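S.K.: Sharing a structure, written as structure tokens. Questions coming.
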Amino acid sequence: MANNWWEIQVLCDPALEDSIFWRLESFGCRGMATELKGHSCLISTYLPQERAQMLDLSALSLLLRQDALAIGLPTPAMQWNLIEEEDWAISWKKHWHPQEIGDRFLIYPAWLPLPEQCDRLLLRLDPGAAFGTGAHATTQLCLEALEMRLGFDPSDSGVQVADIGCGSGILSIGALLLGAGKAYSVDIDPLAVRAARRCRELNKIPESKMLVKLGSVERVKQLIEEPVDGIICNILAETILDLIPEMDNICKPSTWGIISGVLLEQAKPVADTLEQHGWVVATLWRRQDWCCFNIRRS
């Protein structure tokens, strides 16, 4: 029997897009996409039925309204509908289109025919239920930070990165397309692991170059033969704070990091914790309400 999904749609003022993305991600939603509807923004996302009851969705709607009222913006309108998994797979794909990110990437849905000509790095995705389509500001910031890190030196072919909370695998694949030699991609969600493996195949990346496993930092430690050169982590700030002490176990004195999923109001405690564990914040990039830390060992 097919699994059922909640299809959630939120019509809102564009200025609310980031805060609504954060709320939906915190709630456990997946496969978020945005499209403009006149002067408004329509956010579509999906949630397995077993993750929420009607009362939970009503509470989420109330939180979204309260968030808007707190900053003096029009309240969003949220609606939800229960659909079967086959319908979800079709519906989700209607909302997502190719997207240029940074100077070099083109994020490309796997179900579309390949473009005849493309002067960018084509990163094909079919994220399924996993987070990571390139639509969110934090994913874009991380890919742009990777562009600044990789692809300029032939020695990058020896670079090994750990992608903690890999979601669809978009950041691991981006690093490899830019020239990194190997990615260790881990996530605690089995759906994300399945999606990342699927996207690895779509981009014709050998398993030996992109190991996708269930777990977190401790799993990376088990997989690696030597400390990694780079750490990528685009998840919620609360989880990042817990992971920072564990990152010491997989890095060396020259390791760099790209950390995002952090709201601007959460930046200080994250920066303080990084510095307490021997990291220097080299740059802090901002996009709307989100930020991305480019860090290195002190």
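The values are calculated or read from the model by the stated rules, or taken from the named source; none is laboratory data. On a predicted model such as this, the values are computed, not experimentally measured, just so you know. Every residue, glycine as well, gets a Cβ built from its backbone with ideal geometry; the counts of neighbours run over all protein chains shown. Note: areas computed on protein heavy atoms with side chains; ligands, DNA, RNA excluded. Shrake-Rupley method; radii C 1.70, N 1.55, O 1.52, S 1.80 Å.
S.K.: Read phi for every residue in region 10-24 and hand back ³J(HN,Hα) as whole Hz from Karplus 6.51 cos²θ - 1.76 cosθ + 1.60, θ = phi - 60°, with x for Gly and Pro.
M.R.: For region 10-24, the Karplus curve yields 10, 9, 8, 5, x, 5, 8, 3, 5, 5, 6, 4, 5, 4, 5 Hz.
S.K.: Taking all protein chains in place and a 1.4 Å probe, what share, in percent, of the accessible surface of region 249-291 do carbon and sulfur account for?
M.R.: Reported share for carbon and sulfur atoms: 50 percent.
S.K.: Can you tell me how region 102-203 classifies by the Cα gyration tensor, rounded, prolate or oblate, using a/c under 1.5 as the rounded cut?
M.R.: Judged from the Cα gyration tensor, region 102-203 comes out oblate (a/c at least 1.5, b/c at or above a/b).
S.K.: Oh, and also: Just to be sure I follow the definition: excluding the sites themselves, where is the longest run in the chain that has none of the chymotrypsin sites (Phe, Trp or Tyr not before Pro) in a DSSP loop with at most 12 other Cβ atoms within 10 Å? Could you put the intermediate results ahead of the total?
M.R.: Values: sites that count: W111, F152.
By the stated rule (loop sites, at most 12 other Cβ atoms within 10 Å), 153-298.
S.K.: Would you please give the residues with an amide H less than 5 Å from that of W290, counting only those at least 5 places away or on a separate chain, with H modeled from the backbone geometry?
M.R.: Amide H to amide H, under 5 Å and 5 or more residues apart or across chains, W290 pairs with L264.
S.K.: Determine ³J(HN,Hα), in whole Hz, for all residues of region 153-170 in sequence, where each value follows from phi through the Karplus function 6.51 cos²θ - 1.76 cosθ + 1.60 and θ = phi - 60°; x replaces Gly and Pro.
M.R.: Whole-Hz 3J(HN,Hα) from phi for region 153-170: 9, x, 5, 4, 5, x, 6, 10, 10, 10, 10, 8, x, 6, x, 6, x, 4.
S.K.: Distance in nm between label sites at L63 and D272, each 7 Å beyond Cα in the beta-carbon direction?
M.R.: Placing both labels 7 Å along Cα→Cβ, they lie 2.4 nm apart.
S.K.: On to the next question. Going by the alpha-carbon gyration tensor, a ≥ b ≥ c the square roots of its eigenvalues, is region 206-298 rounded (a/c under 1.5) or, if a/c is not under 1.5, prolate (a/b greater than b/c) versus oblate?
M.R.: Details: a/c = 1.89, a/b = 1.54, b/c = 1.22.
Prolate, since a/c reaches 1.5 and a/b exceeds b/c.
S.K.: Measure off 7 Å from each Cα along the Cα-to-Cβ vector at A15 and E225, then give the distance between these two points in nanometres to one decimal.
M.R.: About 5.5 nm separates the two model spin labels.
S.K.: Compute the angle between helix 267-276 and the longest alpha-carbon principal axis of the chain, please, reported from 0 to 90 degrees and rounded to the nearest 10.
M.R.: For helix 267-276, the angle is close to 20 degrees.
S.K.: Once you order the gyration tensor axes a ≥ b ≥ c over the Cα atoms, which shape class does region 249-298 get: rounded for a/c under 1.5, otherwise prolate or oblate by comparing a/b with b/c?
M.R.: Here region 249-298 falls in the prolate category.
S.K.: Further question: So I have (1) 36; (2) 62; (3) 40, and one of them is percent of Cα pairs over 27 Å apart calculated from this model. Which one is it?
M.R.: (3)
S.K.: Right, here's the next one. Where both residues lie in the chain, what percent of DSSP beta bridges are antiparallel, nearest 5?
M.R.: Taking every DSSP beta bridge with both residues in the chain, the antiparallel ones total about 60 percent.
S.K.: Applying the Karplus parametrisation 6.51 cos²θ - 1.76 cosθ + 1.60 with θ = phi - 60° to the phi angles of region 282-298, what ³J(HN,Hα) value in whole Hz is obtained for each residue in order, glycine and proline being reported as x?
M.R.: Those phi angles translate into 6, 9, 10, 9, 10, 9, 6, 8, 10, 9, 9, 8, 9, 10, 8, 6, 6 Hz.
S.K.: Then there is this: For region 149-164 and region 1-76, write down the distance between their C-alpha centroids in whole Å.
M.R.: Cα centres, region 149-164 to region 1-76: 36 Å.
S.K.: For a Förster distance of 25 Å, can you work out the FRET efficiency between the beta-carbons of R296 and N249, rounded to the nearest 0.05?
M.R.: 0.90
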